[in-house]
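The values are calculated or read from the model by the stated rules, or taken from the named source; none is laboratory data. This is a predicted model, so every value here is computed, not measured. Counting neighbours? That spans all protein chains shown, and the Cβs are built from the backbone with ideal geometry, glycine included. Only protein heavy atoms, including side chains, enter the accessible area calculation; ligands, DNA and RNA are left aside. Shrake-Rupley method; radii C 1.70, N 1.55, O 1.52, S 1.80 Å.
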Amino acid sequence: MSVELKYRRILLKFSGEALGPQGYGIDAETVRRIAGEVKRVRDLGVEVAMVIGGGIMWRGADAAATGIDRATADYVGMLATVMNSLVMQDAMEKLDMVTRVQTAIEMPPVAEPFIRRRAVRHLEKGRVVILAAGSGNPFFTTDTAAALRAVELNAQVLLKATKVDGIYDDDPVRNPYARKFEELSYMRALNMGLKVMDGTALTLCKDNNMPIVVFNLHQTGGLESIVRGEKCGTLVSSDVKESGQ
């Protein structure tokens, strides 16, 4: 029996911090759980591309603040994303998913170079493609790399996984009265200066009409709910009725 899906090709983006909830290192059980969430949608026939940040290992902007050259710091951050991607690849293959890691900086012994047509072909064959090393350029975040790859690969949606269940008008961890948005326009998200995704990434999605769904990575079944078209998280797109709850 065929499954009704709203999205059949997605790009999933999350920070490397998600892999180590203790604030350091990589937690194997967390990695396995995330891999299991991806497997649920892959088994439905969804084509999945992923971008994982450097996060817990390294943040270029933070490192630059200590006096390290910003471009150098960003290149180190790109290498951190490769390490996180290889860890995720291992966990996914242990769940019998076929994967490919492609990097924006060539390193043939560990991964393929990013070639758009090859990545699309992998997706069409049911392989999960993990896109590492950002865009290959310093001064651009992995959010921007995710937006770029989502557009390049003709994804139907960019899924930004975070620690909270959507976009709020304030930090819901510190402010219990923070208001959650079910939907937002690109322009309102940009004008609000929301930290959930940088302005360059939001603008790229806006210019290419790439919808964004921000949701809680740690909500079991959340990813599957989104691809089935159920309400989950916050939708950012060009034509929404802006409301909160």
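Out of the stretch 159-245, which GluC sites (Glu not before Pro) are coil in DSSP terms and have no more than 16 other C-beta atoms within 10 Å?
E230, E242
Mean sequence separation of contacting Cα pairs (under 8 Å, at least six apart), scaled by the length of the chain, corresponds to a relative contact order of 22 percent. Diffusion of the stretch 99-158 by Stokes-Einstein, at 20 °C in a medium of 1.002 mPa s and with Rh set to the Kirkwood radius over alpha-carbon pairs, works out to 183 µm²/s. Remark: the stretch 126-133, residue by residue, has Karplus-estimated 3J(HN,Hα) of x, 8, 7, 9, 9, 9, 10, 6 Hz, where x stands for each Gly or Pro and the curve is 6.51 cos²θ - 1.76 cosθ + 1.60 at θ = phi - 60°.
In deg cm²/dmol, rounded to 500, what helix-only [θ] at 222 nm does the chain give when every DSSP H run of at least 4 residues adds -39500 (n - 2.57) and the total is split over its residues?
Working: 8 runs with 86 residues, N = 245.
Computed mean residue ellipticity for the chain: -10500 deg cm²/dmol.
Mean projection of the Cα convex hull over all viewing directions, computed for the chain: 13.4 nm². For the stretch 150-215, applying the loop criterion from DSSP together with a ceiling of 15 other beta carbons within 10 Å to the chymotrypsin sites (Phe, Trp or Tyr not before Pro) yields Y177.
Per residue, the chain exposes an accessible area of 48 Å² to a 1.4 Å probe, with every protein chain left in place. For the stretch 98-201, the fraction of C-alpha pairs more than 20 angstrom apart is 49%.
Antiparallel beta bridges, as assigned by DSSP with both residues in the stretch 51-205, represent about 20 percent of the total such bridges.
Taken one residue at a time, the phi angles of the stretch 100-107 give Karplus couplings (6.51, -1.76, 1.60, θ = phi - 60°) of 9, 9, 10, 10, 6, 10, 5, 8 Hz. Gly and Pro are set to x. Evaluated over the chain, the count of Lys pairs having alpha-carbon atoms less than 16 Å apart is 17 (only pairs 8 or more residues apart or interchain).
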